[in-house]
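Student: For reference, the structure I am asking about is given below.
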Amino acid sequence: MSVPILEACKKRKRRPKLFGFHTFGDSIQARGPFRESIRLFLQECAEIEDYNLEGMPVWCTLLVLENRSLVLPLYTIEEDVKTSPLPYCDHCRSTGWSKHFVAKRKYHFLIPIDDSWNKPLDDGVLDTHESHLLYGLIHSNGFGHLLSINGLEGGSKYLFGREIMDLWDRLCTSLQARKITVADTSKKRSMDLRLLHGVAYGHPWFGRWGYRFCHGSFGVKDYNYDRAIEILCTLELETIINDFSDTERFQDIRQIIRLYRDLSETQLITLKDLLKFMLTVKSRASAHGKVIIASSSIPVISSFSISKPFTRTSLQSNNNKSHGRDNIKPVKYKKFSTVVANMDSRWPPRRLEFAADVIVKALKEKKESNFGSGGMTRQDVRDAARLHIGDTGLLDYVLKSLNNVIVGNQIVRRAVNPSTRILEYTIHEVRENPSKAVSQPSDQEIMFNQTQKFISTNTPPSTLVPGNDVYTDVIYLYRHVLLDYPASEIVELATQTVLDTKHFVKEWPFKDEEEQMLTFICRFIPSLSDESECGMSEIVSVPLHATVGELKNAVETALRDTYCVTEQIVVTDIDGLEEIDDGEILFGRLESGVEIRVRGNNGISNIGGYSKSPEGGLLRRQGGCDMWMVKCECGARDDDGERMVACDICEVWQHTRCIGIDDAENVPPLFVCSSCCDSLVPPRVAHREEAASGKMEYCEDLLLPTHSFDQYGLAIGY
């Protein structure tokens, strides 16, 4: 529910701080690592609520949508993992962070659905994160996960997904987050956007904000993913036409490619070029509420044949020669309220309609002052409307959409003045038949209406008409080129590789910008432990003239404050400074910004593994206290969030998909992996030879470097 600013403040019975939604985060003066920045953020930019959520304190930050007179809450919830029923993070496990040490606190950031903006949060709100407009989780060590983004298509009435994503990115940047992951399982009209955007732009939708490959499912590595994207992006359109020449989809594929090649002002060579242009056309068509019809779509109709495809110019000239003006169907006008309902705009419909009313009022005043004649140039209309609306972006957006539309009882048209050759806006009063407001249609209107009439009278309803709906064409290419490419294992494998890559990550680079401070990346190595498994790093800053002993104390404080397993840590040595007394000045001995290794102990046996401490604590790594192992034939060696089954003999986990169990099938009550079967019953020689020459080994050569031994292998709506 939308809430005016004053009403929101009144309901909260206090005068809270208000922050601009589109600028929040830029002005936060947080310094230091995340564990320190989050405390400053809660102190400076949030107010604690008078209730808690299952024992967890809740803070609220009020954000103002300036151009819509709305206020929405951004909640921050602090969770103590020691008292939490779910101390381990499943999201860390599925993104390859199962060996990360358990951080002492989790911070949940969420914006609820519009109708809940004025209501207290309910218990269980963290369990239903799919419905929130924004839900993100960041551990006290700065590693976190974006779990939900829902814009207009995900249930929001006022916010676009990109606006919410911009807010989240600014928030993470200002709070000094280190790495944030996202599981991109979003779909649009049954299309996986990570595949569609991956081919069209070379990266997923989240790639606009710097998210890149993090962790692939089914053994997919970063070089597999990069190679798969390269294969699909560089697939040439002429090759696609040739490969479909013997299929029933040949005519449709060829006509779609020809259509958009004719529409494009630049040459379309590859599948990436085509899809990127189609998505651009889609956004323009959506903004203007127009149907894209071009000449090259005509040859798909069997009753009409022509040896040379039409171009935009040739179609117009042919129509002018063969059709008179007397029998032309009049131009159809749409109500502006209907047009804005389908606009992909960051402004709400009522705001767009208000701007249109202001523009029409200015045109009426101009018309009355000129005694019923004359129009206004775009700049004149813009200047007149700015007296009432300060948002020039809103005015420009509405002016682009005002052509052959009805606003109130006026028709707004846009045309070039034949005497001045300048584009002008004019208005005409609506009569019983709105089309009579204009005496004769233009040549462009003749082309559009004749094309529409030809298609509607000669095309069966079920026939694909390229250009009639851009998204229909995109879906057609998605289904038949990306998902069902004829007789090409490499395209099929590349597509599956991209679909098997769901986890993406953004990493914020380490910054050493404080001139009066020495900042280090301190990696703690427990004594008598395996350095490769136990190393964990924290960012620590000390004054410019701090001593070696003060640096050790700062590292101890940081580790004790961040991780459960290091609450009683004692730092004994710093690599390279073992012979230096603790009272010696640090400046000149270590360069600020470098990584240093510190060693120590805290009385916990096997800190790097999964065993219990003498106090009985279990909170070591995010993978939990159980000893489990993943060893799947696809190459996976860690939990990736996909469905798995464990062997009842060796207890090693494997993907159900890799062993032939469909997702719709139940796991058998007794499962024995192939390795255990071989040890119990040696396979026949024929089976060994068949396995040695299997399909997956061949596919491996298509995407993997020759030196590699690995095999390739939450709900988000925006």
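Student: Kindly rank 249-257, 384-392, 211-219 from highest to lowest mean number of other beta carbons found within 10 Å of each residue. Mind dumping the intermediate values first?
Tutor: Details: 249-257: 19.7, 384-392: 14.2, 211-219: 21.3.
By packing density, highest mean first, the sequence is 211-219, 249-257, 384-392.
Student: Calculated FRET efficiency, Val630 and Thr83, Cβ-Cβ r, R0 35 Å, to nearest 0.05?
Tutor: On the way: r = 30 Å, r/R0 = 0.86.
After rounding, the FRET efficiency stands at 0.70.
Student: Ok, one more. Round to a whole number: what % of the accessible area of segment 517-602 belongs to carbon and sulfur, probe 1.4 Å?
Tutor: 46 percent
Student: What is the ratio of the Cα radius of gyration of segment 334-429 to 2.2 N^0.38 Å, with N the residue count, to two decimals? All intermediate terms of the calculation are to be shown ahead of the outcome.
Tutor: On the way: Rg = 12.7 Å, N = 96, 2.2 N^0.38 = 12.5 Å.
In units of the globular-protein estimate, segment 334-429 measures up at 1.02.
Student: Leaving out same-chain residues fewer than 8 places away, which aspartates and glutamates sit with a Cα under 20 Å from that of Lys188?
Tutor: Within the straight-line limit of under 20 Å, Lys188 reaches these aspartates and glutamates: Glu130, Glu153, Glu163, Asp344, Asp469, Asp473, Asp484, Asp500.
Student: Residue-wise, which Karplus ³J(HN,Hα) couplings in Hz belong to segment 653-662, taking 6.51 cos²θ - 1.76 cosθ + 1.60, θ = phi - 60°, and x for glycine or proline?
Tutor: Values, residue by residue: 8, 9, 5, 5, 5, 6, 9, x, 9, 5 Hz.
Student: Given charges of +1 on the Cβ of Lys and Arg and -1 on the Cβ of Asp and Glu, with all other atoms neutral, how large is the dipole of segment 627-680 about its Cα centre, in debye to the nearest 20?
Tutor: Working: 4 positive and 11 negative charges, 23 e Å.
Roughly 100 debye, rounded to the nearest 20.
Student: Can you send over the carbon and sulfur percentage of the accessible area for segment 334-429, probe radius 1.4 Å, protein chains only?
Tutor: C and S fraction of accessible area: 49 percent.
Student: Among 144-150, 661-667, 275-281, what's the highest-first ranking by average C-beta atoms within 10 angstrom per residue?
Tutor: Those peptides, ordered most packed to least, come out 144-150, 275-281, 661-667.
Student: Also: Based on the alpha-carbon gyration tensor of segment 27-114 and its eigenvalue square roots a ≥ b ≥ c, which shape applies: rounded if a/c is under 1.5, prolate if not and a/b is larger than b/c, or oblate?
Tutor: Numbers: a/c = 1.81, a/b = 1.65, b/c = 1.10.
Prolate is the answer for segment 27-114, as a/c is 1.5 or above and a/b outweighs b/c.
Student: Taking the Cβ-Cβ separation of Ile649 and Arg189 as r and a Förster radius of 45 Å, what is the calculated FRET efficiency to the nearest 0.05? Provide the component values of the computation, followed by the final result.
Tutor: Values: r = 45 Å, r/R0 = 1.01.
About 0.50, to the nearest 0.05.
Student: Expressed in nm to one decimal, what extension gain is obtained for the pair Glu368 and Glu513 from 0.36 nm per residue of sequence separation less their Cα-Cα distance? Please list the in-between numbers first.
Tutor: Numbers: separation 145, 0.36 × 145 = 52.20 nm, distance 6.22 nm.
Answer, rounded to one decimal: 46.0 nm.
Student: Oh, and also: Kirkwood hydrodynamic radius (Cα pairs, Å) of segment 4-178?
Tutor: The Cα-based Kirkwood calculation yields 16.6 Å.
Student: A follow-up question, please. How large is the direction-averaged shadow of the alpha-carbon convex hull of segment 517-602, in nm²?
Tutor: About 5.1 nm², averaged over all directions.
Student: So, one more: If you stretched the chain out fully between Leu387 and Val570, how much longer would it get, using 0.36 nm times the residue separation minus the C-alpha to C-alpha distance?
Tutor: 59.2 nm
Student: Okay, moving on. Using a Förster distance of 25 Å, how high is the FRET efficiency between Asp123 and Glu153, based on the Cβ-Cβ distance and rounded to 0.05?
Tutor: 0.30
Student: Given the pairs Lys17/Lys179; Lys99/Lys179; Lys221/Lys631; Lys157/Lys335; Lys157/Lys334; Lys17/Lys106, which span a C-alpha to C-alpha distance of over 18 angstrom in this model?
Tutor: Working: Lys17/Lys179 29 Å; Lys99/Lys179 15 Å; Lys221/Lys631 15 Å; Lys157/Lys335 21 Å; Lys157/Lys334 23 Å; Lys17/Lys106 24 Å.
Going by Cα-Cα distance, Lys17/Lys179; Lys157/Lys335; Lys157/Lys334; Lys17/Lys106 fall outside the 18 Å limit.
Student: Could you give log10 I(q)/I(0) at q = 0.14, 0.18 Å⁻¹ for segment 137-266, computed by the Debye formula over C-alpha point scatterers of equal weight, without solvent?
Tutor: So the normalised log intensities are -0.84, -1.14.
Student: Averaged across orientations, what area in nm² does the convex hull of the alpha carbons in segment 627-680 project?
Tutor: About 3.9 nm², averaged over all directions.
Student: Let me ask you something else. Please work out how much length the chain gains when fully extended from Asp469 to Lys17, using 0.36 nm per residue of separation minus the C-alpha to C-alpha distance, in nm with one decimal.
Tutor: 158.1 nm
Student: Straight-line reach from Lys367: which aspartates and glutamates fall under 20 Å, measuring Cα to Cα and dropping same-chain residues less than 8 apart?
Tutor: Asp357, Asp380, Asp383, Glu424, Glu429
The values are calculated or read from the model by the stated rules, or taken from the named source; none is laboratory data. The model shown is predicted, which means the values in this text are computed figures rather than measured ones. So basically every Cβ, Gly included, is an ideal-geometry build from the backbone, and we count neighbours across all protein chains shown. Ligands, DNA and RNA are excluded from the accessible area calculation, which covers all protein heavy atoms including side chains. Shrake-Rupley method; radii C 1.70, N 1.55, O 1.52, S 1.80 Å.
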